[in-house]
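Single-structure report; data block below.
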Amino acid sequence: MSKKPVKKTISDKRKWVKVDKNICQLGECSFLVRMEVSGMKISKVLDTLEEAQTFRDSHNVSKSLDVHEAAIFESRIKKRESKSYTFGDLMAVYKKKVTPTNKGADREISNINLLERLPIASMPLYTIKAEHIKTMFADIKSGQYRKIRENIKDKTIKPATDATVKRYSNTVGAMFTYAVEELNKIDRSPYADLAKKDKPKDGEARKRRLVGDEYERILIYFDDKPEYQVAVVVFVETAMRQGEMLGADWQYLTVFKSKDSDQKNETGEIFLPETKNSSSRTVPLSRNAMVALKKLRGYGNTEGQIFEGITVSSFRHKWEDALEDLNIKNLRKHDLRHEATSRLVENYGLNIAEVVAITGHKRMEMVSEVYYQANVKKLADKISTNVVPEPSESNSYTKIEKLGELLAKGLLTKAEFNREKKKHLSEVK
């Protein structure tokens with residue numbers, strides 16, 4: 001009879017290879033820890049040497065009577081964990097635990113997905129220095145790590161703008177701060193060591209507005225996608241941010257009936273319970289906006305998202321497809337907010353304070369410097385219809401100015417000047 005094969009067990013010492021104190025390697029991915037703690041024998045098989053060393057040292061901490069010796073073991077554990085903990089690991093934790101609680105979570109997830117494709121993602125966290133972050137900015141700027149959809153006709157790699165790199169920079173800074181303050185993975189953020197000149201700048205404010213028949217062409221393009229068509233109209237009519245618009249709910253819509261009972265003349269308002277600035281506001285809805293909203297299937301509902309079929313990602317893709325097919329260059333969705341803000345001033349005659357109440361900006365300067373892009377021709381036409389007459393001899397300021405000149409030349413005394421000035425002002429009244 002043939003002998004039965006001998007089953008190999010941990011006790012089969014012929015296969016053991018000692019690789020460290022209390023640790024033997026059994027195979028390529030099997031490391032056995034055997035030790036005694038408080039009179040009890042402990043044995044455990046782990047996948048890597050680092051895991052085995054950490055397991056061993058954690059038990060050495062518990063059995064150590066000397067506080068200094070315990071501190072040494074704890075230091076070893078922390079250092080070993082840090083060596084194996086990469087920037088990619090940090091991004092995965094941050095994306096899972098922190099990003100969902102942030103405003104603009106969808107955009108941040110998209111940003112982190114790109115960061116995970118960069119070379120810096122595989123680096124151990126504790127080895128990352130300021131110069132590595134500078135290289136990361138250059139990688140983002142190059143655009144080569146951007147994921148290009150298969151159905152895009154123009155697959156030309158386009159470099160990222162300064163404003164785009166700045167947004168990634170803000171996310172990276174927040175992740176390193178999280179690693180320091182919450183996870184205790186590193187003692188100091190390498191992002192904090194960046195010189196001011198090395199941090200991405202905001203870039204110049206965009207001044208792009210709709211020109212010619214671009215608006216009409218875009219609306220016609222979305223004829224077979226009514227939800228996206230309505231979204232574009234509401235964008236231009238309300239100046240809402242994209243996230244605010246896509247998160248708007250039917251329950252907060254109020255319709256104002258027109259005096260003539262004509263539904264086409266109805267206006268309304270939409271309440272936004274939470275905005276980018278962490279405050280609520282109410283946005284007025286023009287007749288055009290109301291007419292567009294009535295095209296949606298959900299109109300008349302008392303609950304549910306108004307644009308339930310649109311996500312940030314799908315809107316971006318549909319927008320890019322439209323611009324490519326229509327051959328419209330350098331027009332972004334956010335430019336529609338600029339367009340809407342400018343129209344509130346030009347078409348409706350609102351002042352900056354009223355515009356800020358609608359757009360939700362914290363500072364008036366943001367509207368006047370960045371969002372309101374004046375149409376110079378319209379301003380010129382407005383000035384030409386309100387011509388200011390040239391000063392005449394009857395103008396009181398001119399009379400007093402002449403008296404002042406006589407006083408300066410010594411042709412009038414101070415008392416005479418005051419008497420003539422008083423007399424002239426009384427005549428004007």
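The values are calculated or read from the model by the stated rules, or taken from the named source; none is laboratory data. Note that the structure is a prediction, hence the values are computed from the model and not measured. Every residue, glycine as well, gets a Cβ built from its backbone with ideal geometry; the counts of neighbours run over all protein chains shown.
Exactly one of (1) more than 21 Å from residue 219 (Cβ to Cβ); (2) in a loop (DSSP other than H, G, I, E, B); (3) within 22 Å of the chain's Cα centre (by Cα) is unmet by residue 301. Its number? Among (1) more than 21 Å from residue 219 (Cβ to Cβ); (2) in a loop (DSSP other than H, G, I, E, B); (3) within 22 Å of the chain's Cα centre (by Cα), the lone unmet condition for residue 301 is (3). Taken together, 195, 174 contain a single residue that is out of contact with any Gly (no Cβ under 9 Å at 6 or more places or on another chain), of a type in the set (A, V, I, L, M, F, W, C) and more than 19 Å from residue 112 (Cα to Cα), which is 195.
Candidates are the residues of the stretch 156-175 that are without any contact (Cβ under 8 Å) to a residue 40 or more places away in the chain and over 14 Å from the mean Cα position of the chain (by Cα); the one that is farthest from residue 137 (Cα to Cα) is 156.
Could you please let me know if residue 266 is buried (at least 16 other Cβ atoms within 10 Å of the Cβ), more than 21 Å from residue 356 (Cβ to Cβ) and in contact with a Lys or Arg (Cβ under 8 Å, 6 or more places away or on another chain)? Walk me through how you get there before you give the answer.
Working: buried (at least 16 other Cβ atoms within 10 Å of the Cβ): yes; more than 21 Å from residue 356 (Cβ to Cβ): yes; in contact with a Lys or Arg (Cβ under 8 Å, 6 or more places away or on another chain): yes.
Criteria met by residue 266.
From the list 325, 321, pick out the single residue that is exposed (fewer than 12 other Cβ atoms within 10 Å of the Cβ), modelled with pLDDT of 80 or more and assigned to a helix (DSSP H, G or I). The conditions single out 325. Set side by side, the residues 108, 116, 131 differ, and just one is closer than 15 Å to residue 164 by Cα and either charged (D, E, K, R) or out of contact with any helix residue (DSSP H, G or I) (no Cβ under 8 Å at 6 or more places or on another chain) (or both), which is 108. Of the candidates 171, 156, 177, the single residue that is modelled with pLDDT of 90 or more, hydroxyl-bearing (Ser, Thr, Tyr) and exposed (fewer than 15 other Cβ atoms within 10 Å of the Cβ) is 177.
To keep it simple, each residue is scored yes or no on (1) at pLDDT 75 or above; (2) in the same structural domain as residue 175 (by TED's automatic domain parsing); (3) part of a helix (DSSP H, G or I); (4) farther than 17 Å from residue 18 by Cα.
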site: 57; (1), (2), (3), (4): yes, no, yes, no
site: 69; (1), (2), (3), (4): no, no, yes, yes
site: 72; (1), (2), (3), (4): no, no, yes, yes
site: 92; (1), (2), (3), (4): yes, yes, yes, yes
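Residues in the stretch 191-219 that are surrounded by 12 or more Cβ atoms within 10 Å (Cβ to Cβ) and more than 30 Å from residue 87 (Cβ to Cβ): 205, 206, 208, 209, 210, 214, 215, 217, 218, 219.
Residue-wise test of (1) in a loop (DSSP other than H, G, I, E, B); (2) under 16 Å from residue 362 (Cα atoms); (3) under 25 Å from the mean Cα position of the chain (by Cα).
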position	(1), (2), (3)
261	yes, no, no
276	yes, yes, yes
289	no, no, no
295	yes, no, no
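Taking the stretch 118-147 as the range and being in contact (Cβ under 8 Å) with a residue 40 or more places away in the chain and not in a loop (DSSP other than H, G, I, E, B) as the test, the residues that pass are 124, 125, 126, 130, 132, 133, 134, 137. May I ask you to list the residues in the stretch 7-29 that are modelled with pLDDT under 85 and either in contact with a strand residue (DSSP E or B) (Cβ under 8 Å, 6 or more places away or on another chain) or of a type in the set (Asp, Glu) (or both)? Answer for the stretch 7-29, where residues must be modelled with pLDDT under 85 and either in contact with a strand residue (DSSP E or B) (Cβ under 8 Å, 6 or more places away or on another chain) or of a type in the set (Asp, Glu) (or both): 10, 12, 15, 16, 26, 28.
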